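**Q** Would you mind keeping the following structure in view while I ask a few things?
The values are calculated or read from the model by the stated rules, or taken from the named source; none is laboratory data. Since the model is a prediction, treat every value here as computed from it, not as a measurement. All Cβ positions, glycine included, derive from the backbone under ideal geometry; neighbour counts span all protein chains shown. Heads up: the accessible areas ignore ligands, DNA and RNA and are worked out on the full protein's heavy atoms, side chains in. Shrake-Rupley method; radii C 1.70, N 1.55, O 1.52, S 1.80 Å.
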Amino acid sequence: MILTQCAVCATELGLSLGKKCGRCSTRYCGAECQKQHWEAGGHDKLCKKIKKAGGAEQYNANKKYAEAVTVAATACAEDTKGQTCYICTQALHWKTKEGLVRMCACRGTAGLAHVSCLAEQAKILVAEAEENNLGIETRDERFARWFACSLCGQQYHGVMYCALGWACWKTYLGRPEGNEIRLTAMRQLGTGLHFAKDYTAAVSVKEAELSMLRRLGANENDILITQGNLAGSYDELGRRGDSLRILQDVYSRRLEFSGEEHVHTISVAINYAVMLNDLERFAEAKSLFRKVIPVAQRVLGASHDHTLRMKWAYTRALCDDPCVTLDDLREAVTTLEDSERIARRVLGGAHPVTVGIESDLRNARGALRACEESDVCEAAEAVAAMVPPST
Ligand SMILES: [Zn+2]
Ligand SMILES: [Zn+2]
Ligand SMILES: [Zn+2]
Ligand SMILES: [Zn+2]
């Protein structure tokens with residue numbers, strides 16, 4: 001979590017309320033908490049150390065980063081056993097002693113690395129692009145190294161994305177508030193926390209980001225991105241009403257602002273349709289899917305992550321509907337078979353999307369079989385009643 005609360009009583013302060021320690025910028029709701037923290041909370045001993053690290057926000061990010069790296073390396077320990085980092089060629093990082101990670105589509109001995117090595121590489125590449133004025137496009141291309149594998153091109157997932165999110169945030173948080181890279185870094189962190197399933201922390205970061213954008217008078221595009229992200233984390237926390245309201249609003253503003261073919265419009269349409277489905281508004285969900293899937297197919301292609309996810313979600317809407325028909329089940333099975341092939345090729349067999357599609361395919365096939373059998377069943381039962389089984 002980034003620092004949005006009083007260090008003593010946890011009162012919410014957003015990014016601008018309360019007061020700060022004059023030396024280290026630790027945040028408090030007021031003088032009383034600050035005094036208590038100094039006298040009884042151990043801040044008298046820690047203040048200098050925090051200031052030396054670059055202030056409270058930096059100190060916090062460094063600490064959280066180290067924790068997140070440990071979590072990611074532990075999660076990958078089995079997969080990376082006996083291997084070495086493709087960047088530094090060592091098993092253990094020379095300085096941090098951290099283990100290896102890999103959460104992308106790389107297989108075999110490819111793509112194993114230390115979070116610290118990946119972060120260092122991304123940082124250098126972005127800095128080079130900025131220093132040499134290589135242009136926004138090159139800079140953004142290089143920035144992708146903070147969240148996507150340079151070998152297989154796929155976005156990292158889970159706790160690895162989160163560890164790099166902290167790395168990214170700790171690298172750029174010292175820039176001025178309105179700085180674009182800093183904002184993107186904050187976004188990386190929010191997304192990473194969400195992928196690591198720490199939804200409370202993700203909401204806190206995203207709410208802080210949204211209020212900062214509004215305070216700075218940011219453009220509509222940035223605000224819509226942040227709102228869309230926030231809706232996803234609200235949903236995971238069970239705040240479905242809030243989530244649906246935001247998605248509805250963001251989708252209609254996106255249509256107006258960016259048009260139906262824009263990747264952001266497609267992306268929010270997926271989330272909106274999924275939410276409608278979760279709320280068991282199946283007819284609305286299916287109609288939205290049927291409207292947007294052909295657009296995604298045309299504009300992004302069948303192998304694109306969005307197209308894949310949307311088709312998968314569409315099969316859920318087909319199967320979850322209690323009024324599901326035989327034709328719906330057949331459509332779901334065909335769509336899932338098709339998606340499974342694409343996911344296996346593009347994302348690899350271990351990716352959570354591939355695994356999820358496979359599991360849904362098994363279920364849909366089972367449901368289809370049961371349905372087909374029960375249709376034939378009546379006739380079969382009549383026959384069975386006349387002819388005793390030959391066993
Ligand atoms: Zn307080
Ligand atoms: Zn202090
Ligand atoms: Zn390394
Ligand atoms: Zn990879």
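**Q** Quick check on this structure: which one of Ala75, Ala127, Ala105, Ala110 is open to solvent by less than 50 Å² (accessible area, probe 1.4 Å) and under 23 Å from His194 (Cβ atoms)?
**A** Ala105
**Q** Also, quick follow-up: Cys24 is checked against (1) over 25 Å from His194 (Cβ atoms); (2) assigned to a loop (DSSP other than H, G, I, E, B); (3) within 16 Å of ligand 2 (Cβ to nearest atom); (4) open to solvent by 20 Å² or more (accessible area, probe 1.4 Å) and fails just one. What number does that condition carry?
**A** The one condition Cys24 does not meet is (4).
**Q** Are any of the residues in the stretch 139-158 at negative phi, open to solvent by 40 Å² or more (accessible area, probe 1.4 Å), touching a residue at least 24 places away in the same chain (Cβ under 8 Å) and touching a Lys or Arg at 6+ places or on another chain (Cβ under 7 Å)?
**A** Checked against the condition, which is being at negative phi, open to solvent by 40 Å² or more (accessible area, probe 1.4 Å), touching a residue at least 24 places away in the same chain (Cβ under 8 Å) and touching a Lys or Arg at 6+ places or on another chain (Cβ under 7 Å), the stretch 139-158 yields no hits at all.
**Q** A further question follows. What tally of residues in the stretch 12-33 results from selecting those that are within 12 Å of ligand 1 (Cβ to nearest atom) and either aliphatic (A, V, I, L, M) or within 30 Å of the chain's Cα centre (by Cα) (or both)? Walk me through how you get there before you give the answer.
**A** Applying the first criterion (within 12 Å of ligand 1 (Cβ to nearest atom)) to the stretch 12-33 yields 12-13, 17-19, 26-33.
If we keep only those that are either aliphatic (A, V, I, L, M) or within 30 Å of the chain's Cα centre (by Cα) (or both) as well, we get 12-13, 17, 26-27, 31.
Looking only at that region, the number is 6.
**Q** Let me spell it out: the conditions are (1) within 16 Å of ligand 1 (Cβ to nearest atom); (2) modelled with pLDDT under 95; (3) not aromatic (Phe, Trp, Tyr), and Ile2 meets all of them except one. Which number is the exception?
**A** Evaluating Ile2 over (1) within 16 Å of ligand 1 (Cβ to nearest atom); (2) modelled with pLDDT under 95; (3) not aromatic (Phe, Trp, Tyr) leaves (1) as the failure.
**Q** Considering only residues that are open to solvent by 90 Å² or more (accessible area, probe 1.4 Å) and within 16 Å of ligand 1 (Cβ to nearest atom), which ones fall in the stretch 34-64?
**A** Listed by number, the residues that qualify are Lys35, Gln36, Trp38, Glu39.
**Q** Considering only the stretch 88-112, how many residues are hydrophobic (A, V, I, L, M, F, W, C) and away from ligand 4 (no atom under 16 Å from the Cβ)? If you could, list the steps in order and put the result at the bottom.
**A** Quick first cut of the stretch 88-112, residues hydrophobic (A, V, I, L, M, F, W, C) only: 88, 91-92, 94, 100-101, 103-106, 110, 112.
Narrowing further to those that are away from ligand 4 (no atom under 16 Å from the Cβ): 88, 91-92, 94.
Of the residues in the stretch 88-112, 4 are hydrophobic (A, V, I, L, M, F, W, C) and away from ligand 4 (no atom under 16 Å from the Cβ).
**Q** Lys51 passes all but one of (1) of a type outside the set (Val, Ile, Thr); (2) over 21 Å from Leu189 (Cβ atoms); (3) within 16 Å of ligand 4 (Cβ to nearest atom); which number fails?
**A** (3)
**Q** Which count do you get for residues in the stretch 242-282 that are over 20 Å from Gln227 (Cα atoms) and out of contact with any Asp or Glu (no Cβ under 8 Å at 6 or more places or on another chain)?
**A** 1
**Q** I would also like to ask the following. Please work out if Lys19 is farther than 23 Å from Gly165 by Cα and open to solvent by 80 Å² or more (accessible area, probe 1.4 Å).
**A** Values: farther than 23 Å from Gly165 by Cα: yes; open to solvent by 80 Å² or more (accessible area, probe 1.4 Å): yes.
In short, yes.
**Q** A further question on this structure: Taking the condition closer than 28 Å to His114 by Cα, open to solvent by 20 Å² or more (accessible area, probe 1.4 Å) and more than 11 Å from ligand 2 (Cβ to nearest atom), does Gly14 pass?
**A** Values: closer than 28 Å to His114 by Cα: no; open to solvent by 20 Å² or more (accessible area, probe 1.4 Å): yes; more than 11 Å from ligand 2 (Cβ to nearest atom): yes.
Taking the combined requirement at face value, the residue does not satisfy it.
**Q** Out of all the residues in the stretch 134-155, which are farther than 22 Å from Thr191 by Cα and small (Gly, Ala, Ser)?
**A** Once the filter is applied, which keeps residues that are farther than 22 Å from Thr191 by Cα and small (Gly, Ala, Ser), the stretch 134-155 yields only Gly135.
**Q** Also, quick follow-up: Do we have Ala75 as farther than 24 Å from His351 by Cα and either part of a helix (DSSP H, G or I) or within 14 Å of ligand 2 (Cβ to nearest atom) (or both) here? Reasoning before the result, please.
**A** Values: farther than 24 Å from His351 by Cα: no; either part of a helix (DSSP H, G or I) or within 14 Å of ligand 2 (Cβ to nearest atom) (or both): yes.
It is false that Ala75 is farther than 24 Å from His351 by Cα and either part of a helix (DSSP H, G or I) or within 14 Å of ligand 2 (Cβ to nearest atom) (or both).
**Q** A further question follows. Given the criteria at pLDDT 95 or above, surrounded by fewer than 20 Cβ atoms within 10 Å (Cβ to Cβ) and at positive phi, does Lys197 qualify? Step through it out loud before you land on a result.
**A** On the way: at pLDDT 95 or above: yes; surrounded by fewer than 20 Cβ atoms within 10 Å (Cβ to Cβ): yes; at positive phi: yes.
For Lys197, the condition - at pLDDT 95 or above, surrounded by fewer than 20 Cβ atoms within 10 Å (Cβ to Cβ) and at positive phi - is met.
**Q** Here's something else I'd like to know. Quick check on Cys9: is it out of contact with any Lys or Arg (no Cβ under 7 Å at 6 or more places or on another chain) and near ligand 1 (Cβ under 9 Å from one of its atoms)? Before you say what the answer is, go through the steps one by one.
**A** Details: out of contact with any Lys or Arg (no Cβ under 7 Å at 6 or more places or on another chain): yes; near ligand 1 (Cβ under 9 Å from one of its atoms): yes.
Yes, satisfied.
**Q** Go through the stretch 79-196 and tell me which helices (runs of 4 or more DSSP H), entirely inside it, have 1 or more residues that are within 14 Å of ligand 3 (Cβ to nearest atom) and under 21 Å from Ala350 (Cα atoms).
**A** On the way: elements: 115-131, 136-143, 158-172, 180-195.
Output list reads 115-131, 158-172.
**Q** Identify the residue in the stretch 56-66 that is touching a residue at least 60 places away in the same chain (Cβ under 8 Å) and not basic (Lys, Arg) and, among all such residues, is farthest from Pro176 (Cα to Cα).
**A** Filtering first and then ranking leaves Tyr65.
**Q** Next up: All but one of (1) more than 19 Å from the chain's Cα centre (by Cα); (2) farther than 28 Å from Arg298 by Cβ hold for His262, so report the exception by its number.
**A** (2)
**Q** Looking at the stretch 200-227 only, could you name the residues that are open to solvent by less than 40 Å² (accessible area, probe 1.4 Å) and of a type in the set (Lys, Arg)? I'd like the intermediate steps shown before the answer.
**A** Looking only at the stretch 200-227, we keep the residues that are open to solvent by less than 40 Å² (accessible area, probe 1.4 Å), and these are 201-206, 208-210, 212-213, 218, 222-227.
Lys206, the sole residue that qualifies.
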